[in-house]
Amino acid sequence: MSIAGASQSTVLVLLWPLVSGCLPAPASAPVPSLPQASSSERSVDLGKLGAESLPTHTFHITNTSARPIRVTAVEKSCSCQEVSVREGDTIPAGGVLDISYSLPDDRAGPVGGLLTLRTDADSPELATIRLSLSATLPRRVWTEPSTLRLARGESASLTIRSDVPGTLETYRDHGAVRGHVEVEGVERVPGADGAIESLRLSVRLSPAAPAGLVSDYLSLHFDDSRTSQIDVLVQGESTGRASCESPNHAGLKP
């Protein structure tokens, strides 16, 4: 072999470790398994939900440790929330636990919850697993304004709105708890698609309302299973015919 050939062979021998380092590791080479931080704390925002959507999400927790782990405690931020995991459930090594987490849907606007799972895992990332869920639920029925203040002889407009299509079509009737409030008329305001966009009620104090400060609730009734009634506080300052003079001195002249 020539000196040039020997030098070339030497260069190839020196470069071989560098070249082989760029190749995939052989299948038999052990790959270390480390707990993933994403498995210990997750947050999901479902955004604004539709009328028929539920604030529910399924989380997937992977046990990245080399042994099974057991759930030792399940802590919900509210007892009204529903979860599919129970104390004593186990996750095998390399296995996945599917956790269904549901928030109550009997309210409107932003809702949220925190679910904390505690396990017997050795790593902190899997020993405490926090899952948070949030969503914005549609408002089925509300009024603008939320309360009314009236004076005798004056009328005020009360607008009823809904984020759920078809709910306002179920409006049935109204009534006053104490009989101090009257509705003079109901206007159904159509939207661009022809459906009812809002309801406008003309509200006034009843002529039979007592003098002084009057407080009553206007009840609005709907043929809707989830929102059958809402109550609007109505307050009024009425001036009746009652005299402010003392009966012992009425008609007396100084």
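Structure summary
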| quantity | calculated |
| --- | --- |
| Residues that are over 28 Å from ARG107 (Cβ atoms) and in contact with a Gly (Cβ under 9 Å, 6 or more places away or on another chain), drawn from the stretch 155-189 | HIS180 |
| Residues (within 30 Å of LEU54 (Cα to Cα), modelled with pLDDT under 90 and open to solvent by less than 80 Å² (accessible area, probe 1.4 Å)) located in the stretch 225-247 | THR227 |
| Search result, residues across the stretch 106-147 that are touching a Gly at 6+ places or on another chain (Cβ under 8 Å) and either over 30 Å from PRO68 (Cβ atoms) or assigned to a loop (DSSP other than H, G, I, E, B) (or both) | SER134, ALA135, THR136, LEU137, PRO138, ARG139 |
| Within the stretch 58-72, considering residues that are open to solvent by less than 50 Å² (accessible area, probe 1.4 Å) and among the hydrophobic types (A, V, I, L, M, F, W, C), the one farthest from the chain's Cα centre (by Cα) | ILE69 |
| Search result, residues across the stretch 194-237 that are within 25 Å of the chain's Cα centre (by Cα), of a type in the set (A, V, I, L, M, F, W, C) and more than 15 Å from ILE160 (Cβ to Cβ) | none |
| Top-ranked residue of the stretch 133-160 - restricted to ones that are open to solvent by less than 30 Å² (accessible area, probe 1.4 Å) and of a type in the set (S, T, N, Q), ranked as farthest from GLU82 (Cα to Cα) | THR159 |
| Residues of the stretch 29-57 that turn out to be open to solvent by less than 50 Å² (accessible area, probe 1.4 Å), at pLDDT 85 or above and not in a loop (DSSP other than H, G, I, E, B), as a count | 2 |
| Close pairs from the stretch 43-59: first of a type in the set (D, E, K, R), partner surrounded by 13 or more Cβ atoms within 10 Å (Cβ to Cβ), Cβ under 6 Å, at least 6 apart | ASP45/SER134; LYS48/THR136 |
| Selection count, the stretch 174-224, where residues are open to solvent by less than 60 Å² (accessible area, probe 1.4 Å) and part of a loop (DSSP other than H, G, I, E, B) | 9 |
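The values are calculated or read from the model by the stated rules, or taken from the named source; none is laboratory data. These numbers come from a predicted model, not from an experiment. Neighbour counts run over all protein chains shown; Cβ positions are idealised from the backbone, glycine included. Ligands, DNA and RNA are excluded from the accessible area calculation, which covers all protein heavy atoms including side chains. Shrake-Rupley method; radii C 1.70, N 1.55, O 1.52, S 1.80 Å.
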